[in-house]
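Structure first, commentary second.
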């Protein structure tokens, strides 16, 4: 089995590429963002450590996460995100590996993460695929999708690892800017990954 990581900046289209990989190539994709949210509710180790860090108020009486409290903590100090990530990310990594083992019959599985390198998720995949689109195009996409302002989007872009750094650490680049059909690029990606599998067989 080959494990690939899918990353890219906000608005690059990584989730769209992930969906294409699942729908047209049969590659299951583990979304770290949604799975981290699930684990913050269901994993007893995470719940215990978050409660120790933030107090019992971090979870509401119905067991759901107190999102305003968590958001206030994250924005209060830049180092706070690292503290939360140190609690959540190891469990996400373990959960992904367990999930991958359950994907019997699949030669390729994928992990999608906007912060693949920052979180160290690149250490648990075999190859990294970066989805690229120019910044101005990404801004237009997110403004249409989320109805947010250009200023807020640019702030989020600046907070992420820049594209050049991602490209330098990635094995494959998918250009999602209209310059080349996505299906042709994904065909090439699948062909290369299948050759890897046969070479290791």
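The values are calculated or read from the model by the stated rules, or taken from the named source; none is laboratory data. It should be emphasised that the depicted structure is a prediction, and the values quoted were computed from it without experimental measurement. For neighbour counting, all protein chains shown are included, and Cβ atoms are generated from backbone atoms with ideal geometry for every residue, glycine included.
Annotations
- For segment 91-150, residues that are assigned to a loop (DSSP other than H, G, I, E, B), over 21 Å from residue 167 (Cα atoms) and under 14 Å from the mean Cα position of the chain (by Cα) total 0.
- Unmet requirement for residue 12, which otherwise passes all of (1) part of a helix (DSSP H, G or I); (2) closer than 23 Å to residue 166 by Cα; (3) touching a strand residue (DSSP E or B) at 6+ places or on another chain (Cβ under 9 Å): (1)
- Subset of segment 25-73 (residues that are part of a loop (DSSP other than H, G, I, E, B) and without any contact (Cβ under 8 Å) to a residue 40 or more places away in the chain): 55, 60, 61, 62, 63, 64, 66
- Taking segment 180-201 as the range and being part of a loop (DSSP other than H, G, I, E, B) and either surrounded by 13 or more Cβ atoms within 10 Å (Cβ to Cβ) or modelled with pLDDT under 90 (or both) as the test, only 201 passes.
- Any chance residue 174 is crowded, with 18+ Cβ neighbours inside 10 Å and under 30 Å from residue 1 (Cβ atoms): yes
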